[in-house]
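Undergrad: Sharing a structure with you now.
Every number in this text was worked out from the coordinates using simple rules, so none of it is lab data. Please read these numbers as outputs of a predicted model, since none were measured by experiment. No Cβ is skipped: glycine too gets one built from the backbone with ideal geometry, and neighbour counts run over all protein chains shown.
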Amino acid sequence: MSSRFAVILAAGQGTRMKSSLYKVLHPVCEKPMVQHVVDQVTALGFEKKVAVVGFGAEVVKQQLGDQVSYVVQEEQLGTGHAVMQAESLLKGEQGTTVVLCGDTPLLTAETIGKLLDCHEKEGAKATVLTAIAEDPAGYGRIIRDEKGLVERIVEHKDASDQERNVCEINTGTYCFDNASLFAMLKQVGNDNVQGEYYLPDVIELLKNAGEKVAAYQTPHFEETMGVNDRIALSEAENIMKRRINHYWMRQGVTMIDPAQTYISSEATIGRDTVLRPGTIIHGKTVIGENCDIGPHSEIKDSVVDNGTVISQSVIHDSEIGKAVRIGPFAHIRPQSTIGDDVRIGNFVEIKKSTIGNGSKASHLSYIGDSEIGEGVNFSCGAVTVNYDGKNKFKTIIEDGAFIGCNANLIAPVTIGKNALVAAGSTITDDVPSEALSIARARQTNKEEYQKGKQ
Ligand code: UD1
Ligand code: CA
């Protein structure tokens, strides 16, 4: 195996996206398109990976960091011109250079590997990855001679009606002999409809110079889809979603309706977990085994331990323990840590709080900026009053305390171990351990009161 290098084209603006976000940074299943490409390339272990950046260079560099080296294409004069910029980093190298576009997020390492194998087996100077498209409009077409050998690639905009009937398309991914690539790029002109230096012209130039060019046709057109507009973006999202869902189902996750289950590229899910329709797992969420999630739940950048049940709820940036029951209609906001065997019931909101093992807030509560111990019962309608309009204050509830219905705990306040706060109390002072605290107006009954009014 000779040395292998990769050039990833990511300098275009992506005019057809009509977006202030640079095209290759548009996410597919929450991962920027160009990151998908770099991940697949990285899996193959290239010696050098060069990204050509231009529009939005700084933001693209921020995304890719030191995963690749960079060259800048100051002016976007076409894909051939873009590759030429990489010469400074690849000049004099002996080996195979794979060129890929940053806007083909579905391409897999497996397919790139097959292209490389074909290229090396054929001993070609260039091998283009092609596919049969049902609707080839917009793509460059592969023009073959009467023997079926690749002659050249013609861009859609430059193609004749007859050429436009060709369904075999240029996927925009190629293998080149490194030295031949940079030698031929110097001969590429821009005499075409778009006035651009086309990388695919290298194929024809090599052919005319008597060099061997080859094509590897993948049976998976969908992998090679180039995302140029929002419609293609939504199609890519769908295909990637299906791919991710199939992966997790093969790992032992049950999905009641995969079409309505959304899992980020970076999330992980344990076996025997059930995901119900309308479940959306965002970001770097980690879900354990034997969980039951959904329907209609959203979990973002959180950790959920084994055996936890979450229905119709929203959880962000939090950690949830084992065998916890959440919902329906609970909202766990950032920086919350929920212990094991906890119950968070309907219409309960938790914010920036820790809740110890076995505690319960089963109905209609707000718990904010609080530290709650183990085995605490936070009854229906009880709330922590953490905000005075200016500052936030902390509530501490120690193990075994019982907070009665509709109690208001005015923070800062501490409720001691095993203390009992009577229903309806408004607590402004600390409650000692084991105490009963009642803080509410005494009831008076005025006998026959209503009768006197008649
Ligand atoms: C390109 C191919 C076409 C192929 C299609 C596959 C050319 C001339 N055409 O067309 O044959 O069927 O891809 O998806 O190559 N870029 C730069 N600098 C530039 C121009 C483009 O870095 O000056 C980058 C873009 O950011 C993008 C990639 O190159 O990632 C492809 O460019 P794009 O304009 O999308 O090319 P297509 O018109 O799709
Ligand atoms: Ca494209």
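Undergrad: To the nearest 0.05, how large is the calculated FRET efficiency for M249 and T15 if R₀ is 41 Å and r is the Cβ-Cβ distance?
TA: 0.60
Undergrad: Take every Cα-Cα pair in the stretch 175-259 and report what % of them are more than 15 Å apart.
TA: 72 percent
Undergrad: Moving on. To the nearest Å, what is the center-to-center distance of the stretch 360-378 and the stretch 256-279, using C-alpha atoms only?
TA: Comparing the Cα centres of the stretch 360-378 and the stretch 256-279, I get a distance of 29 Å.
Undergrad: Oh, and also: Whole-Hz ³J(HN,Hα) for each residue in the stretch 351-368, computed from phi via Karplus 6.51 cos²θ - 1.76 cosθ + 1.60 with θ = phi - 60°, x for glycine and proline: what do you get?
TA: 9, 6, 9, 10, 10, x, 3, x, 7, 9, 9, 8, 8, 6, 10, 10, 10, x
Undergrad: A follow-up question, please. Quick one: angle between helix 33-44 and the longest Cα principal axis of the chain, in degrees between 0 and 90, rounded to 10, please.
TA: Tilt of helix 33-44: around 70 degrees.
Undergrad: Within 10 Å of each residue's Cβ, count the other Cβ atoms and sort H220, H316 from fewest upward.
TA: Listed from fewest to most nearby Cβ atoms, that is H220, H316.
Undergrad: Could you quote the convex hull projected area for the stretch 299-454, Cα atoms only and averaged over all directions, in nm²?
TA: So the mean shadow area of the Cα hull is 11.3 nm².
Undergrad: Across the stretch 95-110, in residue order, what do the Karplus-derived ³J(HN,Hα) couplings come to in whole Hz, using 6.51 cos²θ - 1.76 cosθ + 1.60 with θ = phi - 60° and x for Gly and Pro?
TA: x, 9, 10, 9, 10, 10, 9, x, 10, 10, x, 8, 4, 9, 4, 4
Undergrad: A follow-up question, please. If you wrap a convex hull around the alpha carbons of the stretch 237-304, what volume per residue comes out, as a whole number of Å³?
TA: Roughly 64 Å³ of hull volume per residue.
Undergrad: Just the projected area, averaged over all directions, of the convex hull on the alpha carbon atoms of the chain: how many nm²?
TA: 31.4 nm²
Undergrad: Kindly identify the stretch 1-108 as rounded, prolate or oblate by the Cα gyration tensor criterion: order the square roots of the eigenvalues as a ≥ b ≥ c, call it rounded if a/c is under 1.5, otherwise compare a/b with b/c, prolate if a/b is larger, else oblate.
TA: Since a/c reaches 1.5 but b/c is at least a/b, the shape of the stretch 1-108 is classed as oblate.
Undergrad: Can you pick out the pairs among K23/K125; K91/K212; K61/K207; K31/K157 whose Cα atoms lie more than 24 Å from each other?
TA: Over 24 Å apart, Cα to Cα: K23/K125; K61/K207; K31/K157.
Undergrad: Which of rounded, prolate or oblate describes the stretch 51-134 when judged by the alpha-carbon gyration tensor and an a/c cut-off of 1.5?
TA: Note, shape of the stretch 51-134 comes out prolate.
Undergrad: To the nearest whole percent, what portion of all C-alpha pairs in the stretch 217-347 is separated by more than 17 angstrom?
TA: When every Cα pair of the stretch 217-347 is considered, 57 percent fall beyond 17 Å.
Undergrad: Which of the peptides 111-118, 94-101 is most tightly packed, and how do the rest follow, going by the mean number of other Cβ atoms within 10 Å of each residue?
TA: My ranking of the peptides, most packed first, is 94-101, 111-118.
Undergrad: Would you pull out the residues with amide H under 5 Å of K300's amide H, same chain only if 5 or more places away, H placed 1.01 Å from N?
TA: When sequence neighbours closer than 5 places are left aside, the close amide H contacts are H282, I315, H316, D317.
Undergrad: What residues have an amide H closer than 5 Å to that of Y216, excluding those fewer than 5 places away on the same chain, when H is modeled at 1.01 Å from N in the peptide plane?
TA: Residues meeting the amide H criterion: V128, L129, T130.
Undergrad: Sorted from fewest to most neighbouring beta carbons within 10 Å, what does the list D341, D158 look like?
TA: D158, D341
Undergrad: Tabulate in residue order the Karplus-calculated ³J(HN,Hα) for the stretch 290-304, using 6.51 cos²θ - 1.76 cosθ + 1.60 with θ = phi - 60°, rounded to whole Hz; enter x for Gly and Pro.
TA: 6, 8, 10, 10, x, x, 6, 9, 10, 10, 10, 6, 10, 10, 10
Undergrad: Measure nothing fancy, just the Cα-based angle from helix 230-250's long axis to the longest principal axis of the chain, in degrees from 0 to 90, nearest 10.
TA: 70 degrees
Undergrad: Lys/Arg Cβ at +1, Asp/Glu Cβ at -1, dipole of the chain taken about the Cα centre: which of C175, V342, P412 is farthest positive-ward?
TA: Projecting each Cα onto the dipole axis, the largest value belongs to P412.
Undergrad: Shifting gears a bit: Could you list which residues have their amide H under 5 Å from that of V431, counting only those 5 or more apart in sequence or on another chain, with H placed in the peptide plane?
TA: Excluding prolines and chain starts, which carry no amide H, the hits are T414, I415, G416.
Undergrad: Order of D272, D399 from fewest to most other C-beta atoms within 10 Å?
TA: Result, fewest neighbours first: D272, D399.
Undergrad: Can you classify the stretch 379-432 as rounded, prolate or oblate using the Cα gyration tensor, where a ≥ b ≥ c are the square roots of its eigenvalues, rounded means a/c under 1.5, and otherwise it's prolate if a/b beats b/c and oblate if not?
TA: Taking the square roots of the gyration eigenvalues as a ≥ b ≥ c, the stretch 379-432 is oblate.
Undergrad: Normalised by the number of residues in the chain, what is the relative contact order in percent for Cα pairs under 8 Å and 6+ residues apart?
TA: 8 percent
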